[in-house]
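The structure appears right after this line, and notes come after that.
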Amino acid sequence: MMVVLLRWQIFSIYGVALLSIWLAARQALLSQSDPPQFAARIAVDLAPLWGVVLLGIYGIGSVAYGVIALRDHKEVSGVLEQEVAEVKKELQRLGILDAYQK
């Protein structure tokens with residue numbers, strides 16, 4: 001539990017730091033007396049979108065790596081397959097799995 005909490009704390013710290021940098025850059029652009037250049041304005045305005053896209057790519061990569069690395073651990077893979085088979089049997093016994101297979 002503490003490891004998960006620590007991960008969220010680190011994630012929150014990075015999030016607040018990046019949000020602060022973005023807000024400072026946006027405020028600097030808006031406070032200029034002359035209008036900001038188009039490229040600078042677009043880069044600052046789209047920075048949160050790029051952050052979300054990169055976070056999504058990181059998440060997909062982490063899940064893919066976990067799936068690929070699971071195949072390297074035969075004993076864990078076997079236990080997982082056994083648990084899936086047990087759950088399928090339990091769902092068939094309850095009649096839930098049969099309703100979705102029709």
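What number of residues within segment 32-51 satisfy the criterion of being among the small types (Gly, Ala, Ser) and in a loop (DSSP other than H, G, I, E, B)?
Going through segment 32-51 one residue at a time, the tally reaches 1.
Where the second residue is of a type in the set (A, V, I, L, M) and the first is open to solvent by less than 90 Å² (accessible area, probe 1.4 Å) and lies in segment 13-35, which pairs have Cβ atoms under 8 Å and are six or more apart or on separate chains?
Trp22/Val44; Trp22/Ala47; Ala25/Val44; Ala25/Ala47; Arg26/Val44; Leu29/Ala40; Leu29/Val44
Can you tell me which residue is nearest to Gly15 (Cα to Cα) among those in segment 52-92 that are of a type in the set (Lys, Arg) and in a helix (DSSP H, G or I)?
In this case the residue turns out to be Lys74.
Identify, by number, the condition in (1) at pLDDT 90 or above; (2) surrounded by 11 or more Cβ atoms within 10 Å (Cβ to Cβ); (3) not hydrophobic (A, V, I, L, M, F, W, C) that Arg41 doesn't meet.
(1)
The values are calculated or read from the model by the stated rules, or taken from the named source; none is laboratory data. Quick caveat, the model's predicted, so the values are computed rather than measured. With ideal geometry, Cβ positions are generated from the backbone for all residues, glycine too; neighbour counts draw on all protein chains shown. Remember, those area values only see protein heavy atoms, side chains included, never the ligands or the DNA or RNA. Shrake-Rupley method; radii C 1.70, N 1.55, O 1.52, S 1.80 Å.
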